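One structure is given here, and the rest of the page talks about it.
The values are calculated or read from the model by the stated rules, or taken from the named source; none is laboratory data. Predicted, not measured: the structure shown is a model, and the values here were computed from it. Note that each Cβ is placed from the backbone with ideal geometry, even for glycine, and that neighbours are counted across all protein chains shown. The accessibility values were calculated without ligands, DNA or RNA, using every heavy atom of the protein model including side chains. Shrake-Rupley method; radii C 1.70, N 1.55, O 1.52, S 1.80 Å.
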Amino acid sequence: MLDFSIEPEFQAKLDWAAAFVREEVEPLDLLFPHGGDPYDTRNEKARAILKPLQDQVRAQGLWACHLGAELGGAGYGQVKLAYLNEILGRSYWAPTVFGTAAPDTGNAEILAMFGTDEQKARYLRPLLDGDIVSTFSMTEPQAGADPKEFVCRARREGDEWVIDGEKWFSSNARYAAFLIVMAVTDPEAAPHARMSMFIVPAETPGIEIKRNVGTMDERDSLDEGIHAYIRYDRVRVPLDAMLGGPGEGFKVAQARLGGGRVHHAMRTVGKCTRAFDMMCERALSRRTQGTLLAEKQAVQQFIADSWVELQQFRLLVLHTAWIIDTQPHGAARTQIAMCKVQTAKVLHDVVQRALHLHGSLGTTNELPLAKWWMAAPNLALADGPTEVHRTTIAKQLLKNRRPADGLFPSEHIPPRLEAARKRYAHILDDESLSGRVDA
């Protein structure tokens, strides 16, 4: 049975998390507001505030809840994670405080599944403890996220792999202790069997960050960019640096991306809820033309449309989480793609309305709305462009459909009407019965 009810013990955990994020974590967003701040392990002031907060989360048993007990987490299913991530979505720093920040979560799962004992000791444990951060280096400047167009190569030379090529938008590379790099190892293989995945220590010679690219709310003049454009120039790693087998890079990548997509959606529910709360507060506080904004029909429509859209999205996310929890692996592929498509749209629509109701103030840095609004295009591209996921949805939905048998559609009325007449002819032809038949 599909059931999204919350048991009292878990509700108590959620209540604690909600109060903790509002009172203790959201202030970090104000004190350290730049995109790279949660990942900069060298910022001693930020870390001095962060570490005690993380200890409180651990004491509550809420640290890295997406991981199993063997890795120090609570092993929550996706439905529980959805409720928790709604709360974490209110704050940019919250995922770091709770041990669930991307891309470290996905990279930790890759290391747990494919890393050697030495790699786990050197990188996985500190990553899970929040002492280091990492990078997922996959997309390329000429290809974006399309692996069929990747050209960054890794070739074997003796007992080493040598990586040559460029990668684009490798988030947090400037702070990372290691990078997980996808490279072509067999260019003659089928598209999804050409690549392999490697763990590369950040200090390895030949890694050149050409520049840290700033996005819409990051200033190049202050070097705030955190998405690296990287050149790998004959970067040498040992044979056991390969994660998974030769040609399994795409499979390894998919093992981490599905969960990441739905977790982005979960956190977006929380951010949109916060924007909706701001919208309602503004409507009840601001007067114009003699009445409150809340009394204007257009504003009422903003509020109604936003809540309907947000609740539809929330139920989609919860249903997707339920499928992941209860159905075989891969069963939620279509639903995950649906979440990915809606995530940026819902964020844009709800935040746009909230921003509009706040007028000029909404566009300034004195409220968080403009920054949230600027995140929508990035969400539409992160983990694959929205259009790719729409295509996935359509292909999955068309798999079990079939074309019409004849010249006309199956809902064509003339043959269906004829069939209906034949089915009930014994009644229609009975002259002792009254009634009109439109046929």
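Name the residue farthest towards the positive end of the dipole of the range 214-276 from the options Pro238, Phe250, Val269, assuming +1 on Cβ of Lys and Arg, -1 on Cβ of Asp and Glu, about the Cα centre. Highest projection toward the positive end goes to Val269.
All other residues whose Cβ lies under 11 angstrom from that of Lys210 are scored, Lys and Arg at +1 and Asp and Glu at -1, for a net of 0. Mean silhouette area of the range 205-358, derived from the convex hull of its C-alpha atoms and averaged over all directions, reads 13.9 nm². Based on protein heavy atoms only, the range 93-200 ends up with 35 Å² per residue of surface accessible to a 1.4 Å probe. The residue among Phe20, His34, Met1 whose Cα reaches farthest toward the positive pole of the charge dipole of the range 1-51, with charges on the beta-carbon of Lys, Arg, Asp and Glu, is His34. Over 20 Å between Cα atoms, which of Lys120/Lys167; Lys167/Lys345; Lys271/Lys340; Lys210/Lys340; Lys167/Lys395; Lys340/Lys395 qualify? From Lys120/Lys167; Lys167/Lys345; Lys271/Lys340; Lys210/Lys340; Lys167/Lys395; Lys340/Lys395, over 20 Å: Lys120/Lys167; Lys167/Lys345; Lys210/Lys340; Lys167/Lys395. Can you list the trypsin sites (Lys or Arg not before Pro) in the range 395-439 that are in a DSSP coil and have 15 or fewer other beta carbons within 10 angstrom? Those that pass, being in a loop and sparsely packed, are Lys399, Arg401, Arg436.
Dividing the Cα radius of gyration of the range 1-48 by its Kirkwood radius returns 1.21 for Rg/Rh.
Volume per residue for the range 162-272 equals 131 cubic angstrom (convex hull of Cα atoms).
Scanning residues 5 or more positions from Thr139 or on other chains, those with amide H under 5 Å from its amide H are Trp168, with H placed 1.01 Å from N in the peptide plane. Among the protein heavy atoms of the range 97-153, carbon and sulfur supply 52% of the accessible surface, probe 1.4 Å, non-protein parts ignored. Working note: Cα gyration tensor of the range 121-204, eigenvalues times five, square-rooted, sorted largest first, giving semi-axes of 24, 15, 11 Å. Applying both filters, DSSP loop and at most 16 other Cβ atoms within 10 Å, to the trypsin sites (Lys or Arg not before Pro) of the range 209-317 gives Arg219, Arg286, Lys296.
Each Lys and Arg contributes +1 and each Asp and Glu -1, all at the Cβ; summed about the Cα centre of the range 8-83, the dipole is approximately 140 debye. Around the Cα centre of the chain, unit charges on the Cβ atoms of Lys, Arg, Asp and Glu (plus for the first two, minus for the last two) sum to a dipole of about 680 debye. What you get for the range 333-439, charging only the Cβ of Lys and Arg (+1) and of Asp and Glu (-1), is a dipole of about 460 debye around the Cα centre. Computed from backbone phi, the HN-Hα couplings of the range 413-423 come to 5, x, x, 5, 5, 4, 5, 5, 4, 5, 4 Hz, rounded to whole numbers (Karplus: 6.51 cos²θ - 1.76 cosθ + 1.60, θ = phi - 60°; Gly and Pro given as x). Per residue, the average separation of C-alpha pairs within less than 8 Å and at least 6 apart gives the range 67-224 a relative contact order of 15 percent. Rounded to the nearest whole angstrom, the semi-axes of the ellipsoid equivalent to the range 90-242, taken from the Cα gyration tensor as √(5λ), stand at 24, 20, 14, largest first. With Cα atoms defining each centre, the range 152-178 and the range 109-151 are spaced 10 Å apart in the structure. Antiparallel beta bridges, as assigned by DSSP with both residues in the range 100-196, represent about 60 percent of the total such bridges. Taking only Cα atoms, what is the 0 to 90° angle, nearest 10, from helix 369-381's long axis to the longest principal axis of the chain? With both axes taken from Cα atoms, the answer is about 90 degrees. Overall, the ratio between the Cα radius of gyration of the range 1-95 and 2.2 N^0.38 Å, rounded to two decimals, is 1.15. Can you find, among Met216, Pro191, Gly290, the residue farthest towards the positive end of the dipole of the range 176-292? Put +1 on the C-beta of Lys and Arg, -1 on that of Asp and Glu. So the residue furthest toward the plus end is Gly290. Computed log10 I(q)/I(0) for the range 275-336 at 0.26 Å⁻¹: -0.99, from the Debye equation with unit scatterers placed on every C-alpha and solvent omitted. Computed from Cα atoms, the angle from the helix 297-326 axis to the main principal axis of the chain rounds to 70 degrees. Taking each DSSP H run with n ≥ 4 as -39500 (n - 2.57) and averaging over every residue of the chain yields -14500 deg cm²/dmol at 222 nm.
When nucleic acids and ligands are ignored and a 1.4 Å probe is applied, Tyr424 ends up with an accessible area of around 120 Å². Over every Cα atom in the range 378-439, the radius of gyration and the widest Cα-Cα span, Dmax, amount to 22.8, 71 Å. Remark on the range 333-439: hydrodynamic radius 19.1 angstrom, per the Kirkwood mean of 1/r across alpha carbon pairs.
Take the range 353-439 with all the other protein chains still there, run a 1.4 Å probe, and you get 79 Å² of accessible area per residue.
Restricting the GluC sites (Glu not before Pro) of the range 194-277 to loop positions (DSSP other than H, G, I, E, B) with no more than 13 neighbouring Cβ atoms within 10 Å leaves Glu203. Note: the range 215-275, Cα convex hull, 152 Å³ per residue.
To the nearest ten degrees, helix 8-20 and the longest principal axis of the Cα atoms of the chain are 60 degrees apart.
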